[in-house]
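Visitor: Supplied in structure tokens, the structure appears directly below.
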Amino acid sequence: MSALHYTEYDTRFAAYAVVVDDRDRVLLALWNEGSRPQWTMPGGGVELHETAEQGVVREVKEESGYDVEIEQLLGVDSYVFPAERRSIDTARPMKAVRVVFRARVVGGVLRHEQDGSTDEARWVPLADVTSLDRVSIVDVSLRLAGLG
């Protein structure tokens, strides 16, 4: 892909949380907007008025039912989606900028998101993650957390 000026592509700013419990299980959400359901980290697009921290706290609540507290910024990752791989009809590629935090549950009850981009939330043993059909942010996040 040739170099593009930043006005020639779309950017999606998103924030994700790595939430691990005391039983070495990680919180994942089943993303349903791709060509097939795949597991992802809880999180997603940050709204214009939100900070990354506010966005990830909101997204985890929406997707899992849990209230979380951010413990640490783990890192920032970016990924380019060519126009032909986008879920909308466009000729513009997209750069996904993904901020990853470590967070812990401080309240709420596990539940599934209703009418959203995910339809199941689940605690998954860390040892089982590699056997799941998952999106790249899972491996990126676990690597940033020193767990993968």
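Visitor: Look through the stretch 80-106, keep the residues that are among the β-branched types (Val, Ile, Thr) and without any contact (Cβ under 8 Å) to a residue 60 or more places away in the chain, and return whichever of them is nearest to ASP67 (Cα to Cα).
Guide: VAL106
Visitor: Are there any pairs with C-beta distances below 9 angstrom linking a residue in the stretch 1-22 that is without any contact (Cβ under 8 Å) to a residue 60 or more places away in the chain to a residue that is surrounded by 15 or more Cβ atoms within 10 Å (Cβ to Cβ), with the two at least 6 apart or on different chains, and if so which?
Guide: The qualifying pairs are TYR6/LYS95.
Visitor: For the stretch 100-112, enumerate the residues that are closer than 16 Å to VAL18 by Cα and either at pLDDT below 95 or in a loop (DSSP other than H, G, I, E, B) (or both).
Guide: Hit for the stretch 100-112 is LEU110, nothing else.
Visitor: Read through the list (1) exposed (fewer than 14 other Cβ atoms within 10 Å of the Cβ); (2) within 18 Å of VAL19 (Cβ to Cβ); (3) at pLDDT below 95, then give the number of the only condition that ALA127 fails.
Guide: (3)
Visitor: A follow-up question, please. Look through the stretch 113-148, keep the residues that are in a loop (DSSP other than H, G, I, E, B) and in contact (Cβ under 8 Å) with a residue 40 or more places away in the chain, and return whichever of them is nearest to GLU62 (Cα to Cα).
Guide: Here the answer is GLU113.
Visitor: Could you check the stretch 77-99 and list, in sequence order, the residues that are hydrophobic (A, V, I, L, M, F, W, C) and either surrounded by fewer than 13 Cβ atoms within 10 Å (Cβ to Cβ) or assigned to a loop (DSSP other than H, G, I, E, B) (or both)?
Guide: Across the stretch 77-99, the qualifying residues are VAL80, ILE88, ALA91.
The values are calculated or read from the model by the stated rules, or taken from the named source; none is laboratory data. Note that the structure is predicted; figures quoted are calculated from it, not measured. Using ideal geometry, Cβ is built from the backbone for each residue, glycine included, and neighbour counts are taken over all protein chains shown.
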